[in-house]
Amino acid sequence: MHVPDGFIDAPVSVAAGVVAAGAVAVSLRGARRELGGAGGESATGGAAGSPTVRPVAATPGTSAGGERTAPLAGLVAAFIFAVQMLNFPVAAGTSGHLLGGALAAILVGPYTGLLCVSVVLLMQGVLFADGGLTALGVNILDMGVVTVLVAYGIFRLLLRVLPRGRGAVTGASFAAALVSVPAAAVVFTGMYALGGTSDVALGKVFVAMTGVHVLIGIGEAAITAATVGAVVAVRPDLVYGARDFAVRPLQLRTAVVAAPGGGTVPSGQVHEPASGPVHEDASEPERASASAPETASASVPEREPASAPTSSGPAPASDPASDSASDPASDSASDPAPAPASEREPAPEPALAAASSSRRPNRGLWTGGLVATAICAGVISFYASGSPDGLEKVAADNGIDRQAEDHAAKDSPLADYGVESVSDARLSGGLAGVIGAGATLAVGSTVFYAVRRRRAAGYAAEAGPAPGGPADSGQEPV
């Protein structure tokens, strides 16, 4: 759906460029939050057996979310570039290709996703003469802003109503991508109604554009769902749009208590005596040893001095353990009672465990993504459909392209996705695809790392060293 130069007149193209530039500026600010860290959800124990879920805020610029999302965003941009080369047939004499707005928004966030699509469109227009330079704003608005907003909104809405799980994430991504493509076709029809350079009935343009792009949307949905499903299956924490939906919250079950004489027993054997705190049921030999004064006294030195009762003489009246020691039926004659659950040291926050597991290296995903990108751009692209895409077909059939202009970069050595000096068509197209994907990866990664570092620097400047804090004492915070 790359709009060439001359399809839309100058006033509408300029207006679309202004809107697109504003959207990119907003996305640069929004991407700082997405690349600088992302909060998730963690389960914190409430009452026993009923854990509650609360959001966990991530420190901007320092969380694992930003460390994961920044390099992934560059890879997503390169992958979209590569897959856009794979035109697939959708009807007689018509083909379609991935737009990528839905895929990028779901994987790396809506703001970062728009930047991904913008980088792809810029590389295609400058290096490969694909999509007009004067129509760059039209293309970013149509293929970027519209698809990202529509797809991400539908995706998040569906996740709120579907059962939590990976299947819901994949299904929601399919539906979101499916709707985003005809939505972009409708927006193009609206821009053509405002500034089309050829006199064509608007009804014909609308019917033709929406009809063919519904079919293209099916292909877009399949590619998006397959990609998101593959990522969420191995690293659900890397799917930005579903970090709080892909995995069920962790639940804490802390029912293990210490048995008299050391060791633990299964939590199902816990009972509460008529008086005193909760203890575990002990075996008969342990009860016998607990009721024997000499055995209890012998076991006292093995305990911590601060917590062990004295073996000679009665305990002070204010010591609650004296009541238990005088009761021969009590199983805590010599051992201090375990602290109540509310006074014990709290278990580690599930978010910390989740963050620790999510910090595992991305080397496998990166390698797989790069290999898939290279194969799509350098090998499979040779077998892509040679039929015109949806917009080109509709324009040719309805006379929309009568005022089309030659591309300013038509003499580029990579124009039309081929290396000018290479005569072999297979090798020429493969090299062009790999070069384009590499250039997109380099430019995209540079932009995203710069955005993330600026976010981290801004956060550090706002926070500053706290007086008397770790920065002054040289000690690590506990």
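The values are calculated or read from the model by the stated rules, or taken from the named source; none is laboratory data. Worth saying up front: this structure is predicted, and the values here are computed from it rather than measured. Ideal geometry is used to build each Cβ from the backbone, glycine not excepted, and the neighbour counts take in all protein chains shown. Side chains included, ligands, DNA and RNA excluded: accessible areas come from the protein's heavy atoms. Shrake-Rupley method; radii C 1.70, N 1.55, O 1.52, S 1.80 Å.
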* To do: Look through 67, 41 and report the one residue that is modelled with pLDDT of 50 or more and open to solvent by 50 Å² or more (accessible area, probe 1.4 Å).
  => 67
* Asked: With respect to residue 426, is the statement that it is modelled with pLDDT under 85, among the charged types (D, E, K, R) and surrounded by fewer than 17 Cβ atoms within 10 Å (Cβ to Cβ) true?
  -> no
* Selected residue (only one of 219, 195 is more than 27 Å from residue 242 (Cα to Cα) and open to solvent by less than 60 Å² (accessible area, probe 1.4 Å)) -> 195
* Asked: Of the numbered conditions (1) without any contact (Cβ under 8 Å) to a residue 24 or more places away in the chain; (2) aliphatic (A, V, I, L, M); (3) outside any helix (DSSP H, G or I), residue 158 satisfies every one except a single condition; which is it?
  -> (3)
* If you take the residues of the range 379-423 that are without any contact (Cβ under 8 Å) to a residue 24 or more places away in the chain and more than 37 Å from the chain's Cα centre (by Cα), which of them is least open to solvent (accessible area, probe 1.4 Å)? -> 422
